[in-house]
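Student: This structure is in structure tokens; I'll ask about it shortly.
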Amino acid sequence: MVNVFYKENDRLKLHQGIEGLALIPKNSIIWIDLIQPSYDERIQVEELCDVALQTRQEIEEIEVSSRYSEEDDVIVNNSHFLIRYDGEFRREPVSFIIKNNVLISYRNAELRTFAEMYKRSEFTSKIHDAFHIFLTIIEIRIDLDADLIESIVKEIASLSSVVINNQLSEELLMQISKFQEETMLIRENIVDKQRVLSNILKSDIFPSELHNRVRIMLKDIGSLLDYTVFSFQRLDYLQSTILGLINVEQNKIIKIFTVATVIFMPPTLIASIYGMNFHFMPELEWKIGYPLSIFLMLLSATITLIIFRKKKWL
């Protein structure tokens with residue numbers, strides 16, 4: 001699918017598909033958005049804009065030179081946008097190329113960021129060129145990342161109440177690990193946008209009048225990174241609290257076994273003495289020997305139990 005945005009009477013117009021594309025004045029086109037384009041659509045866009053679209057493998061490269069490059073009048077930026085699929089976060093690669101005041105975006109999935117951008121393009125006249133569109137897309141992505149962080153912070157807060165109520169379980173620890181992984185993904189996503197904007201400030205192609213807007217966006221990103229740090233700290237605190245409570249519960253169990261062992265030690269000693277097989281043991285001839293030994297066992301256990309309770313060890 002190919003969506004082409006062009007300017008007409010200071011408004012953005014949308015043309016869908018490649019049919020009839022030649023009827024649009026080339027100098028009025030400022031944004032071409034490709035979503036899972038066919039081979040013919042790729043070829044026609046490459047010929048129209050005199051660019052070489054990257055493959056998915058090239059977009060996903062992690063080298064710095066592959067993430068952002070600038071040469072002559074062309075800016076190439078490869079980024080990742082987070083999407084939530086079946087309750088799990090997934091990174092979706094997106095490629096941006098700016099050449100001759102035309103922005104070309106290439107992606108393989110429907111993304112909420114671009115849907116929001118489409119809505120804005122219908123109601124605003126402040127989008128003048130490809131650079132404004134590119135910054136607006138990044139700006140929307142930052143706002144969506146902020147929403148993701150807020151939702152995770154709320155979920156972590158609800159998790160805190162579960163810990164406070166001492167409702168400990170293995171699932172709770174797994175959930176904390178999941179939140180840690182999601183926070184890490186969001187942080188990586190935000191750092192990726194920070195890198196893009198930092199490169200823009202050093203760009204010789206990007207208009208200097210947009211630098212103030214970029215700096216404001218970088219400040220927003222800085223505050224979001226602070227939130228992710230806070231989330232990490234809170235999750236670490238919850239994890240430490242849970243492990244501490246689990247240790248307390250385990251210590252209580254060990255204490256019960258220890259007390260039980262000590263209580264039964266004197267009776268065990270008495271039973272061991274009279275369980276010996278020496279030939280000369282006068283007590284073996286006593287008629288009251290058996291009940292007396294039982295009584296001594298109970299008495300020794302009771303005395304030990306009383307001492308533990310007075311010392312508040314039990």
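The values are calculated or read from the model by the stated rules, or taken from the named source; none is laboratory data. All values derive from a computational prediction rather than experimental measurement. Counting neighbours? That spans all protein chains shown, and the Cβs are built from the backbone with ideal geometry, glycine included.
Student: Of the numbered conditions (1) under 19 Å from Asn199 (Cβ atoms); (2) out of contact with any helix residue (DSSP H, G or I) (no Cβ under 8 Å at 6 or more places or on another chain), Asp40 fails exactly one; give the number of that condition.
Tutor: Of everything listed in (1) under 19 Å from Asn199 (Cβ atoms); (2) out of contact with any helix residue (DSSP H, G or I) (no Cβ under 8 Å at 6 or more places or on another chain), Asp40 misses just condition (1).
Student: Within region 229-242, is there a residue that is more than 30 Å from Glu170 (Cβ to Cβ), in contact (Cβ under 8 Å) with a residue 12 or more places away in the chain and touching a helix residue (DSSP H, G or I) at 6+ places or on another chain (Cβ under 9 Å)? Give the steps one after another, and end with the answer.
Tutor: Our first condition is that a residue be more than 30 Å from Glu170 (Cβ to Cβ); within region 229-242, this holds for none.
Within region 229-242, none of the residues are more than 30 Å from Glu170 (Cβ to Cβ), in contact (Cβ under 8 Å) with a residue 12 or more places away in the chain and touching a helix residue (DSSP H, G or I) at 6+ places or on another chain (Cβ under 9 Å).
Student: Next question, about the same structure. Considering only residues of region 276-314 that are assigned to a helix (DSSP H, G or I) and touching a residue at least 40 places away in the same chain (Cβ under 8 Å), which is farthest from Phe264 (Cα to Cα)? Quick ask: steps written out before the conclusion?
Tutor: Step one: of region 276-314, the residues assigned to a helix (DSSP H, G or I) are 282-285, 289-310.
From what's left, touching a residue at least 40 places away in the same chain (Cβ under 8 Å): 304-305, 308.
Working: Thr304: 9, Leu305: 10, Phe308: 13 Å.
Here the residue is Phe308.
Student: Considering only region 88-100, state which residues are closer than 18 Å to Leu53 by Cβ and surrounded by fewer than 16 Cβ atoms within 10 Å (Cβ to Cβ).
Tutor: First pass over region 88-100, keeping only residues closer than 18 Å to Leu53 by Cβ: 92-100.
Across region 88-100, the qualifying residue is only Asn100.
Student: Then there is this: If you scan region 1-37, which residues turn out to be over 38 Å from the mean Cα position of the chain (by Cα) and within 19 Å of Ala52 (Cβ to Cβ)? Quick ask: steps written out before the conclusion?
Tutor: Residues of region 1-37 that are over 38 Å from the mean Cα position of the chain (by Cα), as a first pass: 7-11, 18-28.
Ile18, Leu21, Lys26, listed by residue number.
Student: Here's something else I'd like to know. Determine whether region 107-130 contains at least one residue that is out of contact with any Lys or Arg (no Cβ under 7 Å at 6 or more places or on another chain), within 26 Å of Arg187 (Cβ to Cβ), modelled with pLDDT under 75 and in a loop (DSSP other than H, G, I, E, B). Quick ask: steps written out before the conclusion?
Tutor: Within region 107-130, the subset out of contact with any Lys or Arg (no Cβ under 7 Å at 6 or more places or on another chain) is 107, 109-112, 114-124, 126-130.
Filter once more, so that each one left must be within 26 Å of Arg187 (Cβ to Cβ): 107, 109-112, 114-117.
Then drop every residue that is not modelled with pLDDT under 75, which leaves none.
No, the conditions are met nowhere in region 107-130.
Student: Of the residues Leu224, Leu269, only one is touching an Asp or Glu at 6+ places or on another chain (Cβ under 7 Å) and in a helix (DSSP H, G or I); which?
Tutor: Details: Leu269 fails: touching an Asp or Glu at 6+ places or on another chain (Cβ under 7 Å).
Leu224 is the lone residue from the list that is touching an Asp or Glu at 6+ places or on another chain (Cβ under 7 Å) and in a helix (DSSP H, G or I).
Student: To continue, here is another question. Give Ser177, Ser240, Ser208, Ser223 a once-over and let me know the one that is under 30 Å from Asp72 (Cα atoms) and small (Gly, Ala, Ser).
Tutor: Numbers: Ser177 fails: under 30 Å from Asp72 (Cα atoms); Ser240 fails: under 30 Å from Asp72 (Cα atoms); Ser223 fails: under 30 Å from Asp72 (Cα atoms).
Unique residue meeting the criteria: Ser208.
Student: Which of (1) surrounded by 13 or more Cβ atoms within 10 Å (Cβ to Cβ); (2) more than 32 Å from the chain's Cα centre (by Cα); (3) modelled with pLDDT under 75; (4) acidic (Asp, Glu) is the odd one out, the single condition Glu58 does not satisfy?
Tutor: For Glu58, the exception is condition (2).
Student: Can you list residue pairs whose Cβ atoms sit under 9 Å apart, with the first residue in region 54-78 being over 22 Å from Ile35 (Cα atoms) and the second being at pLDDT 75 or above and part of a helix (DSSP H, G or I)? Count only pairs 6 or more apart in sequence or on different chains.
Tutor: Val64/Arg195; Glu70/Asn199
Student: When you look at Lys219, is it in contact (Cβ under 8 Å) with a residue 12 or more places away in the chain and under 30 Å from Glu71 (Cβ atoms), yes or no? Break it down stepwise before answering.
Tutor: Numbers: in contact (Cβ under 8 Å) with a residue 12 or more places away in the chain: no; under 30 Å from Glu71 (Cβ atoms): yes.
No: the conditions fail for Lys219.
Student: Might you check whether a residue that is at pLDDT 85 or above, acidic (Asp, Glu) and over 30 Å from Lys7 (Cβ atoms) occurs anywhere in region 139-148?
Tutor: yes
Student: Condition (residue is modelled with pLDDT of 80 or more, assigned to a helix (DSSP H, G or I), of a type in the set (Phe, Trp, Tyr) and within 23 Å of Arg187 (Cα to Cα)) applied to region 78-92: is it met by at least one residue?
Tutor: no
Student: Any chance you could count how many residues in region 129-155 are touching a strand residue (DSSP E or B) at 6+ places or on another chain (Cβ under 9 Å), among the acidic types (Asp, Glu) and closer than 20 Å to Thr183 by Cα? Spell out the reasoning first.
Tutor: Keep residues of region 129-155 that are touching a strand residue (DSSP E or B) at 6+ places or on another chain (Cβ under 9 Å), which gives 129-134, 137-138, 141, 144-145, 148.
When the remaining residues are screened for being among the acidic types (Asp, Glu), the result is 129, 145.
This time we only want the ones that are closer than 20 Å to Thr183 by Cα, so: 145.
Residues flagged as touching a strand residue (DSSP E or B) at 6+ places or on another chain (Cβ under 9 Å), among the acidic types (Asp, Glu) and closer than 20 Å to Thr183 by Cα within region 129-155 amount to 1.
Student: Residues that are in the same structural domain as Leu148 (by TED's automatic domain parsing) and in a strand (DSSP E or B): does region 34-50 have at least one?
Tutor: Restricting attention to region 34-50, the residues satisfying the condition of being in the same structural domain as Leu148 (by TED's automatic domain parsing) are 34-50.
Those left that are additionally in a strand (DSSP E or B): 34-35.
Yes.
Student: So in region 178-231, with the set limited to residues that are in contact with a His (Cβ under 9 Å, 6 or more places away or on another chain) and among the acidic types (Asp, Glu), which one is surrounded by the fewest Cβ atoms within 10 Å (Cβ to Cβ)?
Tutor: Ranking the candidates gives Glu188 first.
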